[in-house]
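*Asks:* Just passing along the structure, written as structure tokens.
The values are calculated or read from the model by the stated rules, or taken from the named source; none is laboratory data. None of the values given here were measured: they were computed from a predicted structure. Neighbour counts are summed over all protein chains in view; Cβ atoms, including those assigned to glycine, are modelled from backbone coordinates with ideal geometry.
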Amino acid sequence: MLSLPLTLRYNVFVQQSCRSLHLAPPFLLDDYTPRYNLISSVDAAKKRSAAYAHLRECNLCPRLCGINRYEKTGVCLIGADTVKVNTIAPHFGEEPVIQGHNGSGSVFFSGCNLRCVFCQNYDIAHQHNGFDLSPEELAEWFIKLQEVGKVHNINLVTPEHVVPQVALAILHARDIGLRVPIIYNTSSFDSLESITLMDGLVDIYLADFKVWKDSTSKGLLKADNYASTAMESIKAMQAQVGDLCFTGDGIAKKGVLMRHLVMPGKEDEGVEIVRWLAENVSKDMYVHIMEQYFPRAHVGKPKRRGVKGVTPGGIEASSESEVRYEDINRAVKSEELSTVKKAAVDAGLWRFVDVTEHAGFHN
Ligand code: SF4
């Protein structure tokens, strides 16, 4: 038998020890059945009743309107009988583990319960363009996406304000043959009641954590207590479905995929967010630190000040810097991105979306 030098023997020992001690977390699934196909008919009936009850006194998001949506609309401006949908199509702008080869079957809902001044989907979320669909019609679109589009999942984009209708649609879709996972693609400005109603119906939570400070939430999202609401919601999502898991084809089937869009000059908030996620939710969380911010919606628009100022000498005053939200009227700098990414690694997060694989647009 050959005798190895001491240092080489030590290296071999370390490598073998590492291999034998490394227990891969259970992120790989042999097979997967969507959760909505596992709930009993009794629980499905309870979900339907709860959905109708919520619509009659809607506190389904932190706006807490408390209104009967069969009679009037709240802040989200969407009633009870239908949802307003802007686009339904296979979508190729999501993370590779979500869009796969055939695309993610995305349903872009019109309207939103936030009013982000930088909204990256302003025409859809704020302008209420779209067509009305009943829960049953929406379910039939899910089936079309599955059968014709061969999509990997149904991706409900900005569903926070239409959770009851979405619950009814999923339950109807399961009765008519839906088999692919459901993604709840949210800003995380959800109430716990919403997340509870979605329990058993949603397989993947694709959740944003947008900003950390209340002042930023008020100023840029036009919402109070965004961060505290998001923290509660994200913990509840994680408790339901856990860390993101895949089948052997590399497509995500179940779990939480967390997104944070780094904002210009707000990298300190991104640092707080990734630290909180690692310390309070899971270090094994699958995280996408997004870098595609660009000024949209109200950012960079001229301030509404009426007529331009005129100096006493009669010369028109310059209005070059008179734009709204000037502090975020630029792209994100690479050093701002690096700061957030480094903080995430330092906090112990390690499962990141590889942005080099992906150059698409996110929602
Ligand atoms: S979902 Fe709409 S109606 Fe219900 S509380 Fe939120 S904003 Fe108000």
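*Asks:* Testing ILE39 on (1) within 16 Å of the ligand (Cβ to nearest atom); (2) over 20 Å from the mean Cα position of the chain (by Cα); (3) in a loop (DSSP other than H, G, I, E, B), one condition comes back false. Which one is that?
*Replies:* If we test ILE39 against (1) within 16 Å of the ligand (Cβ to nearest atom); (2) over 20 Å from the mean Cα position of the chain (by Cα); (3) in a loop (DSSP other than H, G, I, E, B), just (1) comes out false.
*Asks:* Sticking with this structure for a sec: Among (1) buried (at least 19 other Cβ atoms within 10 Å of the Cβ); (2) part of a loop (DSSP other than H, G, I, E, B); (3) modelled with pLDDT of 95 or more, there is one condition PHE142 misses while meeting the rest; what is its number?
*Replies:* Looking at each condition in turn, PHE142 falls short on (2).
Residue-by-condition table, conditions (1) within 16 Å of the ligand (Cβ to nearest atom); (2) surrounded by fewer than 16 Cβ atoms within 10 Å (Cβ to Cβ); (3) at pLDDT below 95; (4) polar (S, T, N, Q):
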position	(1), (2), (3), (4)
HIS54	yes, no, no, no
ILE67	yes, no, no, no
GLN99	no, no, no, yes
VAL107	no, no, no, no
ASP123	no, yes, yes, no
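*Asks:* Go through LEU114, LEU77 for me and flag whichever is within 14 Å of the ligand (Cβ to nearest atom) and either surrounded by 19 or more Cβ atoms within 10 Å (Cβ to Cβ) or without any contact (Cβ under 8 Å) to a residue 40 or more places away in the chain (or both).
*Replies:* Exactly one residue qualifies, and that residue is LEU114.
*Asks:* Let me ask something else about it. Considering (1) in a loop (DSSP other than H, G, I, E, B); (2) within 27 Å of GLN120 (Cβ to Cβ), say which one GLY200 fails and leave the rest.
*Replies:* (2)
*Asks:* Also, I was wondering about something else. Quick one: what pairs do we get from segment 118-131, first residue in contact (Cβ under 8 Å) with a residue 40 or more places away in the chain and more than 24 Å from ASP327 (Cα to Cα), second hydroxyl-bearing (Ser, Thr, Tyr) and surrounded by 14 or more Cβ atoms within 10 Å (Cβ to Cβ), C-beta under 7 Å, 6+ apart or different chains?
*Replies:* Partner pairs satisfying both residue conditions: HIS128/SER110; ASN129/SER110; GLY130/SER110.
*Asks:* Looking only at residues that are in contact with a Cys (Cβ under 8 Å, 6 or more places away or on another chain) and closer than 16 Å to CYS116 by Cβ in segment 249-301, which one is surrounded by the most Cβ atoms within 10 Å (Cβ to Cβ)?
*Replies:* The residue in question is ALA297.
*Asks:* Give ILE154, ILE183 a once-over and let me know the one that is more than 16 Å from the ligand (Cβ to nearest atom) and either closer than 24 Å to GLY79 by Cβ or surrounded by fewer than 23 Cβ atoms within 10 Å (Cβ to Cβ) (or both).
*Replies:* Only one candidate qualifies: ILE154.
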